[in-house]
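The values are calculated or read from the model by the stated rules, or taken from the named source; none is laboratory data. Predicted model only: the values in this text are computed from it and were never measured. Positions of Cβ are generated from backbone atoms using ideal geometry, with glycine treated the same way; all protein chains shown enter the neighbour counts.
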Amino acid sequence: ERSSNWLIYDLCGIGKVSEAYFVFSILTAKGFFPTVYTYNPILLGLCKAGQIFVALAFLTSLKKKGFTPNVYTFTALVYGFSMEGLYDEAYLILNTMQADSCKPNVVTFTTIIMFLCDDGKVAEALSILDMMEGGECHADLITYNVVLHALFSNCNFSKACEIVEVMDRKGFRPDYFTFSAVVGGLLKTGYVRLANRFSLKYLDEGYEMDLVACNIFIHALYRGIGSKTAFCVLKKFLTGGFVPS
RNA sequence: UCCAGUGCGCC
């Protein structure tokens with residue numbers, strides 16, 4: 001049964017959700033008992049494919065058979081609704097999931113926040129963040145990264161500074177997601193000099209680095225300080241064992 | 001213990 005979950009998980013991961021569902025139906029027809037590890041990946045796969053209503057119907061049928069959803073299950077639905085811009089429905093899930101003794105967690109809220117931001121509804125996203133800060137479910141680094149990404153992409157620097165101060169006060173260390181969100185936003189909006197300063201600062205402080213961050217920083221340096229600096233940084237990465245894509 | 005959320009570009 002572990003390996004069937006595995007197969008279903010991998011099928012969903014490569015976008016073959018109907019194949020995964022097919023495997024699921026065969027297995028259950030043979031008397032196999034699915035768990036959250038079996039159907040959650042299918043539900044999320046459906047949601048990511050824009051099939052939120054199929055996912056809903058599937059969940060209804062699971063519940064009828066006595067299978068229990070968990071917070072991952074509802075977070076998948078929240079993902080699906082938010083992705084389609086159906087925020088009222090997403091909010092409704094937050095309330096109705098309590099009937100299945102599930103409470104939304106930081107992932108659930110961060111998911112809505114992210115889609116609201118991408119949809120230009122940053123003020124509404126920030127109000128959810130405020131609500132979290134006032135409640136028992138606190139924002140984590142990913143939540144802040146998502147919000148900073150939106151604020152820097154929209155040149156809302158004053159609010160961004162507030163957030164950075166809150167992060168600092170709470171002891172959250174920025175990571176390469178934070179910096180690529182910040183530098184990427186600055187580059188996109190034309191603040192090349194600022195993007196350079198952030199890049200150099202991050203590089204100086206010897207934080208962790210990955211390919212995406214490397215691309216962004218080299219792009220920033222290339223457009224700002226110039227190709228020489230960018231090339232030096234690239235060279236440093238290459239000799240450090242980085243494999244460019 | 002096997003399930004969920006964040007960043008560049010290409011498509």
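Assorted remarks:
- Residues in the range A:56-84 that are within 16 Å of RNA strand B (Cβ to nearest atom) and either more than 21 Å from A:Tyr9 (Cβ to Cβ) or under 20 Å from the mean Cα position of the chain (by Cα) (or both): 16 in all.
This table checks each residue for (1) without any contact (Cβ under 8 Å) to a residue 12 or more places away in the chain; (2) more than 22 Å from A:Gly120 (Cβ to Cβ).
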{"site": "A:Val183", "(1), (2)": "no, no"}
{"site": "A:Tyr222", "(1), (2)": "yes, yes"}
{"site": "A:Ile225", "(1), (2)": "no, yes"}
{"site": "A:Thr239", "(1), (2)": "yes, yes"}
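- For A:Ser158: the one exception among (1) more than 15 Å from RNA strand B (Cβ to nearest atom); (2) among the polar types (S, T, N, Q); (3) within 18 Å of A:Ile128 (Cα to Cα): (3)
- In the range A:154-181, the residues that are touching a residue at least 12 places away in the same chain (Cβ under 8 Å) and over 18 Å from A:His138 (Cβ atoms) reach residues that are away from RNA strand B (no atom under 11 Å from the Cβ) and not polar (S, T, N, Q) with C-beta atoms within less than 8 angstrom, at least six apart or across chains, in these pairs: A:Asn154/A:Val122; A:Cys155/A:Tyr191; A:Asn156/A:Val122; A:Lys159/A:Leu126; A:Lys159/A:Leu151; A:Ala160/A:Leu151; A:Phe179/A:Phe198.
- Extreme residue, modelled with the highest pLDDT, among residues of the range A:208-244 that are part of a loop (DSSP other than H, G, I, E, B), more than 15 Å from RNA strand B (Cβ to nearest atom) and surrounded by fewer than 18 Cβ atoms within 10 Å (Cβ to Cβ): A:Gly226
- Identity of the residue in the range A:102-124, under 18 Å from A:Gly135 (Cα atoms) and more than 18 Å from the chain's Cα centre (by Cα), that ends up surrounded by the most Cβ atoms within 10 Å (Cβ to Cβ): A:Cys102
- Scanning the range A:1-54 for residues that are outside any helix (DSSP H, G or I), farther than 19 Å from A:Ile93 by Cα and not small (Gly, Ala, Ser) gives A:Glu1, A:Ile14, A:Lys16, A:Lys30, A:Phe32, A:Phe33, A:Pro34, A:Thr35.
- Residue list for the range A:130-175, filter: basic (Lys, Arg) and over 22 Å from A:Glu208 (Cα atoms): A:Lys159
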